[in-house]
Amino acid sequence: MRLKLSFACILLIISVAAVWVNYSPLPRYKIKSPIVSEEFTALHKAEGKRIVLSICIHCHLNSQTGTLAGKQHGNPRRLGDFNSGNITQDSATGIGKWNASQLYYFLKTGIKPDGDYVFDMPKYPNLSEEDIISIIAFLKSDDTLVRKTYLLNPKPRFSFLTKLLLHTALQPPILEDKTVSSPDTNNQIAFGKYLATAKFSCYECHSLNTVTNNYNQPEKSWGFFKGGNPHVNEDREKIYTPNISGDTLEGIGKWSEEEFKRTIKNGIKPDGTTIRDPMFPFYLLSDKEVRSIFAYLKSVE
């Protein structure tokens with residue numbers, strides 16, 4: 001009798017918890033934005049555009065408007081249906097009202113000015129001050145990609161699994177009270193590490209699972225650069241990211257630098273096949289950046 005009662009109590013607790021997770025508001029976070037100047041140089045804007053064209057554009061470019069007004073993601077069905085955000089300068093539906101400090105905090109943590117956490121975008125807690133300012137400078141520029149575009153994207157419809165994770169495991173990175181300096185570009189391994197873990201966030205997709213990524217200390221992410229992270233392409237076909245560590249059997253340990261360059265910049269792998277969506281060529285990388293990323297990845301055990 002006691003066993004039946006205990007089982008009934010456990011079942012009741014689970015049911016109540018499930019209802020709470022499904023219908024309660026998602027967590028909101030307090031904003032502690034540092035003061036960021038809005039005095040940008042032409043070099044800031046140029047580098048910011050290069051970063052945006054390398055990463056942000058693939059999720060945020062709306063083919064109908066020709067701007068970064070957002071579009072529907074090819075999300076795994078288990079996560080729900082949601083769009084990338086409108087990051088044009090429109091004040092009503094975009095980020096037109098956000099100041100540089102709010103953009104800084106958002107890019108570093110994924111937390112919007114209203115406290116909502118955008119879990120499915122890259123986070124840049126280890127990005128240098130120069131590079132983060134460059135992105136902000138471009139987003140606030142007069143470039144046609146970010147011109148005011150009124151486009152109200154549908155509200156996200158998160159699955160129960162996503163809601164559960166947002167209440168538990170999916171937490172924003174901590175914005176540490178420190179200044180992140182630009183790396184020594186002549187130290188090939190250190191520069192490559194910065195590019196692969198901070199600037200272009202390669203580890204976020206190429207580690208074991210997005211849920212277990214450690215944004216503040218990427219090396220502590222499960223399966224760091226070992227691949228196996230489940231993603232989907234625009235047709236919602238499941239694709240697992242490859243191992244790009246220095247392992248000679250499963251990774252890129254036997255690749256030449258030229259093979260790596262051709263893969264990452266042109267999308268052509270050593271076996272002659274092309275990379276598949278959601279991966280895309282990083283054609284704007286310099287040869288020095290490619291060499292540094294390759295050297296670093298080869299050093300990852």
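The values are calculated or read from the model by the stated rules, or taken from the named source; none is laboratory data. Predicted model only: the values in this text are computed from it and were never measured. Every residue, glycine among them, receives a Cβ derived from its backbone with ideal geometry; neighbour counts consider all protein chains shown. Each accessible area value is taken on the protein alone, full model and side chains, heavy atoms only, with ligands, DNA and RNA left out. Shrake-Rupley method; radii C 1.70, N 1.55, O 1.52, S 1.80 Å.
Distance cut-off 24 Å, Cα to Cα: go down the list 155/226; 220/269; 123/193; 226/298; 226/261 and report the pairs above it. The answer is 155/226; 220/269. Packing, taken as the mean count of other beta carbons within 10 Å per residue, orders the peptides 152-162, 91-101 from highest to lowest as 91-101, 152-162.
Summing +1 for each Lys or Arg and -1 for each Asp or Glu among the other residues whose beta-carbon sits under 12 angstrom from that of residue 54 gives +1. Put a plus charge on the Cβ of each Lys and Arg, a minus charge on the Cβ of each Asp and Glu, and nothing anywhere else: the dipole of segment 21-160 about its Cα centre is then about 520 debye.
The loop-placed GluC sites (Glu not before Pro) in segment 110-209, going by DSSP, that have at most 16 neighbouring Cβ atoms within 10 Å of their Cβ come out as 176. Helices in the chain that qualify as membrane-span-like (whole DSSP H runs, Cα extent of at least 30 Å along the helix axis, mean Kyte-Doolittle hydropathy of -0.5 or higher) are 2-23. Each peptide in 77-89, 26-38 was scored by the mean count of other Cβ atoms within 10 Å over its residues; highest first, the order is 77-89, 26-38. Here the translational diffusion coefficient of segment 134-228 follows from Stokes-Einstein with Rh set to the Kirkwood radius across Cα pairs; for 10 °C and 1.306 mPa s it amounts to 96 µm²/s. What shape does the chain take by its C-alpha gyration tensor, where a ≥ b ≥ c are the square roots of the eigenvalues and a/c under 1.5 counts as rounded, a/b above b/c as prolate, and the rest as oblate? Since a/c reaches 1.5 but b/c is at least a/b, the shape of the chain is classed as oblate.
Note on the chain: with charges restricted to the Cβ of Lys and Arg (+1) and Asp and Glu (-1), its dipole about the Cα centre is near 1000 debye.
With contacts taken as Cα pairs under 8 Å at a separation of at least 6 residues, the chain carries a relative contact order of 17 percent. Distances over 12 Å make up what percent of all Cα-Cα pairs in segment 196-243? So the pairs more than 12 Å apart make up 55 percent of the total in segment 196-243. Here segment 125-250 has 53 percent of its accessible surface on carbon and sulfur atoms, given a 1.4 Å probe and all protein chains in place. Computed with every protein chain present, the accessible area of residue 19 is close to 80 Å² [probe 1.4 Å]. Gap in Å between the Cα centre of segment 135-152 and the Cα centre of segment 164-240? Result: 26 Å between the Cα centres. Once divided by 2.2 N^0.38 Å, the Cα radius of gyration of segment 87-192 becomes 1.24.
What shape does segment 26-86 take by its C-alpha gyration tensor, where a ≥ b ≥ c are the square roots of the eigenvalues and a/c under 1.5 counts as rounded, a/b above b/c as prolate, and the rest as oblate? Taking the square roots of the gyration eigenvalues as a ≥ b ≥ c, segment 26-86 is oblate. In segment 208-301, the convex hull through the Cα atoms has an average projected area of 6.5 nm², a quarter of its surface area.
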